[in-house]
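The values are calculated or read from the model by the stated rules, or taken from the named source; none is laboratory data. Everything numeric here is computed off the predicted structure, so don't read it as measured data. Glycine gets a Cβ as well: all are built from the backbone with ideal geometry, and neighbour counts include every protein chain shown.
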Amino acid sequence: MTDLAHIRNFSIVAHIDHGKSTLADRLIQFTGGLSQREMKDQVLDSMDIERERGITIKAQTVRLNYKAHNGETYVLNLMDTPGHVDFAYEVSRCLAACEGALLVVDASQGVEAQTLANVYQAIDAGLEIVPILNKIDLPSAEPDRIKQQIEDVIGLDASDAVAISAKTGLNIEAVLEAVVMRLPPPKGVEDAPLKALLIDSWYDAYLGVVVLVRVVDGELKKGAKIRMMAANAVYQVERVGVFRPKQEMVERLGPGEVGFLTAAIKLVADTQIGDTITDERKGATEALPGFKALQQVVFCGLFPIDAAEFEQLREALGRLHLNDASFTYEMETSAALGFGFRCGFLGLLHLEIIRERLDREFNIDLITTAPSVIYRIHLTDGSVKELHNPADMPDPVRIDHIEEPWIKATILVPDEHLGSVLKLCEDRRGRQVELTYAGARAMVVYHLPLNEVVFDFYDRLKSVSRGYASFDYHIEGYEEGELVKMSILVNNEPVDALSMIVHRNRAEMRGRGMCEKLKDLIPRHLFQIPVQAAIGGKVIARETIKALRKDVTAKCYGGDISRKRKLLDKQKEGKKKMRQFGSVDIPQEAFIAALKMDAD
Amino acid sequence: MKPFAVYVHWPFCARKCPYCDFNSHVRDRYDDMRWARGIARELRAVAELQGPDRPAVHSIFFGGGTPSLMSGAAAAHVLDAIAETWTVSDDAEITLEANPNSVERGRFQDYRAAGVNRISIGVQALNDQDLRELGRLHSAEDAKAAIRLAAGIFPRVSFDLIYARPRQTLEQWSAELEEALSFGTEHLSLYQLTIEPGTAYATLHRQGRLILPEEDLAAVMFETTQNVCARAGLPPYEISNHARPGAESRHNLTYWHYDDYAGVGPGAHGRITSGERRLATQAERLPEKWLSAVEETGSSLAQTEIRTEEAAEEHLLMAVRLTEWLDLTAYRTRWGFEPSRQAIRRLEQQGLLTLENDQLAATAAGRLVLNSIIRELAALEPVAA
């Protein structure tokens, strides 16, 4: 056990691509956590998808030993937090386990909306913040301007900001010195009942469920019986350890220390992020503050393209759920798509990650239906129903009114793109809350209905601002809205997987957009195909896919037979990637692509 | 005796045309007798695969490449080798593909003397600008001269045109087609320009520098072609082939009836019967590798056995190209499979197929979308016992 004065617990707050993972790599390297041979880029991002996308999904910690200039040796616990708004709650629990944070800002790009959201969260959590200016080696770096921006926009004193290049390793030691000298040590009481914060958990093939913890008071010992207070479950601790970043077993963890435990826990779903771990007997009476049950905000249907792969999909979702209990899935039947699952996610990125992992790790071709938010349907009998799936919309005569979730969005955008961003927000039914300037950048705060954001708002925002706008949001609450269910009919048959809930004022525009898109996405058939959008029985938009006019090979002789047959086989394969609705083949990608709006 | 044809591939061209994806190669010099001897050896290898009970040859076709780059002696050598290997029926159709350039026209008499009785001339267009764009080395005058000359030398003449060319209008094509018909040839092959992968045109097309007629215009051009030719006494007997009744190319029909054919020379394909087995043969594509294989081992052929269901599929996708009826009773007997009955019914309702007395044919509308029809029909079903 380390005495409190020689422990520093900190996390790194940064925007995607500003160099958080690279800095973490350098800190590990500098303090000798891994040999040169063992280093690879982004050591802490263990999933392929994390490395490729440059995002962190799961929290990780690493314990570093650092001998400071004052001659004393410190234990530094670096927490690598997920870096996306979808994982805001996980981030908040990571921050709760720290006393300080390094705010990494790209010295040419400056402060982004996501940085802003995370740094405010860190400040609210009472953390001491040390600003770091990264990528100082780039010719475009403007450290003085960015320092000023940090002071103007965030209100932090940046005069002592540490200028580094994580890429070249410049000034890494100064970062470690700042951690030791400028961040406070943890506080805690050793001879008190155990109180440890459950930061995150995951499934490890060798160890089973691994629980990442920060001990606040008391001590966590091997063999001890512990209780998870929110889950109200009791376990016996099998192993206690730390990551350096390799696992290393220890006998116990004391106040201020960060490490992991295993305790024959079967499912990650049995552990809840933010829960308090205490002694089974004579445990703490009061849990640590801030626990929340995870809330899924985006829902969609996942269906195997090949109906025969349903069982594989079920198994794959089960396996993924072992490691990520923050999404939900339950069986769903669609008239159009057959058997599949209705899944709930923390946000859109989360949805995309799971979808991509199903494709990549389990090789299952999927149809993803339109993402939906949770609507509250107030029925005329006074009851309230939560609606996750447009297909379950009750008969309109039974509905008194519908409420939808709204968010508060913070957008930072350079002045020259402000007009297009404001237009985008207004088109998406937004209400402006605030508009302020920091240098040449505007900070716009908008109230927006989540259902206008959930699909492609972020893509559109990036496109109208040429990639310069950054965006962050949190859910504010529910508001009544004039919402209707819009159905899409292909060849006069409703395709339930394409139906969606829309605001009445936006229905015609969305309907027209969907029909136009589907007209391009569905290949010509041997017959003409009407595509319609309808509310109730009323058609609000219509397009026609003309019948195929010409599809014949001009030349076909003896040498071509093998080739033509192979082509035919390939086409048969291609047809498997389509889903048949009546006599119409709809390609897999159409279900999502149809929802994308080119311009409002 | 079952009809049997021999295809000889001559892989050389004076120049590669930008639309062509056939196995053709430009070489400065080569000894054409040496290549002819190689072809003769590969012919014997095919015969060995067939075994002693060999069918008689009813058609021989020199294709390419540009077979009219061969000397008459080389063609004669190949024909002699065929006659030594198989029985060649008295009325065998012996076709050679020729370009209309003056040098090549000069060999027409030699080919005729060697035994060639049908010539197929690669005219492609009847105006000089389009010929240049298509990468052809001859002029419209050359083409016309070649057609007239051939008519006096060969009992049977055909020529090829490419239409739906970049920027071509319906009016231009109609006028060109009328001119083509005015020569009174018994057979015409009229191909819509198709962008084949790996060609120079494919690159241009990808870059947006080659604008082809839209689908609707191409469809109208096709229909016009069918009608105009039919009125002129040359109805279509296949998607792109027109003939005076009785003057159809026997060789091409071998493919579309899915009868046996030997394929020799670089890159040639064959379908032959070897005992109970149906074999696909493919010759080495690269000319020099082909020659050394043939000279060292007697053959460059790779063979694969075709499963019955695959053969049935191949037969189907060739046979429906013809205007003549496909006899389903015979088809079932031949393969033990039949096209999806459900698909036939559906396509009939859509007016794309006609089924009468267990005989099947695509309608005029169906011929335009034949690939889609084939996709649906090719869900073959085993014939119920």
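What are the residues in the stretch A:76-116 that are among the hydroxyl-bearing types (Ser, Thr, Tyr) and assigned to a loop (DSSP other than H, G, I, E, B), if any? Walk me through how you get there before you give the answer.
Going through the stretch A:76-116, the residues among the hydroxyl-bearing types (Ser, Thr, Tyr) turn out to be A:81, A:89, A:92, A:108, A:115.
Hits for the stretch A:76-116 are A:THR81, A:SER108.
Just one of the numbered conditions (1) acidic (Asp, Glu); (2) crowded, with 18+ Cβ neighbours inside 10 Å; (3) farther than 30 Å from A:HIS15 by Cβ is not true of A:GLU480; which one? Just one mismatch for A:GLU480, condition (2).
Of the residues that sit in the stretch B:319-336 and are among the aromatic types (Phe, Trp, Tyr) and buried (at least 16 other Cβ atoms within 10 Å of the Cβ), which one is farthest from the other protein chains (Cβ to nearest Cβ)? Taking the candidates together, the pick is B:TYR331.
Going through A:ASP279, A:ASP217, A:ASP306 one at a time, which residue ends up being within 30 Å of A:ARG579 (Cβ to Cβ) and over 27 Å from the mean Cα position of the chain (by Cα)? Working first, answer last.
On the way: A:ASP279 fails: within 30 Å of A:ARG579 (Cβ to Cβ); A:ASP217 fails: within 30 Å of A:ARG579 (Cβ to Cβ).
Answer to the selection: A:ASP306.
With respect to being within 14 Å of chain B (Cβ to nearest Cβ) and farther than 30 Å from B:TYR19 by Cα, A:PHE591 falls outside the description.
Just one of the numbered conditions (1) more than 14 Å from every other protein chain (Cβ to nearest Cβ); (2) basic (Lys, Arg); (3) crowded, with 17+ Cβ neighbours inside 10 Å is not true of A:LYS538: (3).
Within the option set A:ARG549, A:ARG565, being within 7 Å of another protein chain (Cβ to nearest Cβ), touching a Leu at 6+ places or on another chain (Cβ under 8 Å) and farther than 19 Å from B:GLU215 by Cα holds for one residue only, A:ARG565. For the stretch A:459-477, residues that are surrounded by fewer than 17 Cβ atoms within 10 Å (Cβ to Cβ) and either at positive phi or touching a Phe, Trp or Tyr at 6+ places or on another chain (Cβ under 7 Å) (or both) total 4. Considering only residues in the stretch B:182-201 that are touching a helix residue (DSSP H, G or I) at 6+ places or on another chain (Cβ under 7 Å) and surrounded by fewer than 19 Cβ atoms within 10 Å (Cβ to Cβ), the one that is farthest from the other protein chains (Cβ to nearest Cβ) turns out to be B:PHE183.
Among the residues of the stretch A:205-220, how many are among the aliphatic types (A, V, I, L, M), without any contact (Cβ under 8 Å) to a residue 60 or more places away in the chain and more than 21 Å from A:PRO193 (Cβ to Cβ)? I'd like the intermediate steps shown before the answer.
Pass one, the stretch A:205-220, residues among the aliphatic types (A, V, I, L, M): A:205, A:207, A:209-213, A:215-216, A:220.
With the extra rule that they be without any contact (Cβ under 8 Å) to a residue 60 or more places away in the chain, the set shrinks to A:205, A:207, A:210, A:215, A:220.
Then drop every residue that is not more than 21 Å from A:PRO193 (Cβ to Cβ), which leaves A:205, A:207, A:210.
Residues meeting the conditions: 3.
For the stretch B:263-313, filtered to residues that are buried (at least 21 other Cβ atoms within 10 Å of the Cβ) and of a type in the set (S, T, N, Q), the residue that is nearest to the other protein chains (Cβ to nearest Cβ) is B:THR281.
For the stretch B:222-247, how many residues meet the condition of being away from every other protein chain (no Cβ under 14 Å), touching a strand residue (DSSP E or B) at 6+ places or on another chain (Cβ under 9 Å) and in a loop (DSSP other than H, G, I, E, B)?
Step one: of the stretch B:222-247, the residues away from every other protein chain (no Cβ under 14 Å) are B:227-235, B:243-247.
From what's left, touching a strand residue (DSSP E or B) at 6+ places or on another chain (Cβ under 9 Å): B:229-230, B:232, B:234-235, B:243-245, B:247.
If we keep only those that are in a loop (DSSP other than H, G, I, E, B) as well, we get B:232, B:234-235, B:244-245, B:247.
Residues that pass the stated criteria total 6.
Anything in the stretch A:452-472 that is in a loop (DSSP other than H, G, I, E, B), of a type in the set (Ser, Thr, Tyr) and modelled with pLDDT of 80 or more? List them, or say none. Answer for the stretch A:452-472, where residues must be in a loop (DSSP other than H, G, I, E, B), of a type in the set (Ser, Thr, Tyr) and modelled with pLDDT of 80 or more: just A:SER465.
Among all positions in the stretch B:334-355, there is no residue which is touching a Pro at 6+ places or on another chain (Cβ under 8 Å), part of a helix (DSSP H, G or I) and on the phi < 0 side of the Ramachandran plot.
Residues that are more than 15 Å from the chain's Cα centre (by Cα) and among the aromatic types (Phe, Trp, Tyr) within the stretch B:204-262 comprise just one, B:PHE222. Filtered by the rule that a residue be in contact with a strand residue (DSSP E or B) (Cβ under 9 Å, 6 or more places away or on another chain) and either over 14 Å from A:VAL111 (Cα atoms) or not in a loop (DSSP other than H, G, I, E, B) (or both), the stretch A:133-150 gives A:LEU133, A:ASN134, A:ILE136, A:ASP137, A:LEU138, A:PRO143, A:ILE146, A:LYS147, A:GLN149, A:ILE150.
Which of the residues belonging to the stretch B:206-219 are assigned to a helix (DSSP H, G or I) and crowded, with 16+ Cβ neighbours inside 10 Å?
Correct list: B:LEU217, B:ALA218, B:ALA219.
Checked against the criterion of being aliphatic (A, V, I, L, M), in a helix (DSSP H, G or I) and either buried (at least 18 other Cβ atoms within 10 Å of the Cβ) or at the interface with chain B (Cβ under 8 Å from one of its Cβ atoms) (or both), the stretch A:569-587 has no qualifying residue. Tell me which residues, restricted to the stretch B:158-177, are part of a helix (DSSP H, G or I) and either in contact with a helix residue (DSSP H, G or I) (Cβ under 7 Å, 6 or more places away or on another chain) or outside the structural domain of B:LEU134 (by TED's automatic domain parsing) (or both). Result: B:LEU170, B:TRP173, B:SER174, B:LEU177.
Total residues in the stretch B:244-262 satisfying the condition of being over 21 Å from A:ARG565 (Cα atoms) and either touching a residue at least 60 places away in the same chain (Cβ under 8 Å) or assigned by TED's automatic domain parsing to the domain that holds B:VAL369 (or both): the figure is 4.
Number of residues in the stretch A:312-371 that are aliphatic (A, V, I, L, M) and part of a helix (DSSP H, G or I) equals 11. For B:LEU316, indicate whether it is within 14 Å of chain A (Cβ to nearest Cβ), under 15 Å from the mean Cα position of the chain (by Cα), under 30 Å from B:LEU353 (Cβ atoms) and crowded, with 19+ Cβ neighbours inside 10 Å. No: the conditions fail for B:LEU316. Among the residues of the stretch B:112-134 satisfying the criterion of being assigned to a helix (DSSP H, G or I) and in contact with a helix residue (DSSP H, G or I) (Cβ under 6 Å, 6 or more places away or on another chain), which is farthest from B:GLY72 (Cα to Cα)? Among them, the one singled out is B:ASP128. Taken as a whole, the condition of being over 17 Å from B:HIS269 (Cα atoms), more than 20 Å from the chain's Cα centre (by Cα) and either surrounded by fewer than 19 Cβ atoms within 10 Å (Cβ to Cβ) or not hydrophobic (A, V, I, L, M, F, W, C) (or both) applies to B:ARG105.
Just need a number here: residues in the stretch A:282-298 that are surrounded by fewer than 12 Cβ atoms within 10 Å (Cβ to Cβ), under 30 Å from A:LEU351 (Cα atoms) and not hydrophobic (A, V, I, L, M, F, W, C). Steps first, please.
Step one: list which residues in the stretch A:282-298 are surrounded by fewer than 12 Cβ atoms within 10 Å (Cβ to Cβ), which gives A:282, A:285-286, A:289, A:293, A:295.
Keeping just the survivors that are under 30 Å from A:LEU351 (Cα atoms) gives A:289, A:293, A:295.
From what's left, not hydrophobic (A, V, I, L, M, F, W, C): A:289, A:295.
Of the residues in that region, 2 qualify.
Restricting to the stretch A:504-544, name every residue that is farther than 27 Å from A:GLY574 by Cα and not in a helix (DSSP H, G or I). A:ALA533, A:ALA534, A:ILE535, A:GLY536, A:GLY537, A:LYS538, A:VAL539, A:ILE540, A:ALA541, A:ARG542 - these are the residues of the stretch A:504-544 that are farther than 27 Å from A:GLY574 by Cα and not in a helix (DSSP H, G or I). Scanning the stretch B:337-344 for residues that are within 12 Å of chain A (Cβ to nearest Cβ) and touching a strand residue (DSSP E or B) at 6+ places or on another chain (Cβ under 6 Å) turns up nothing.
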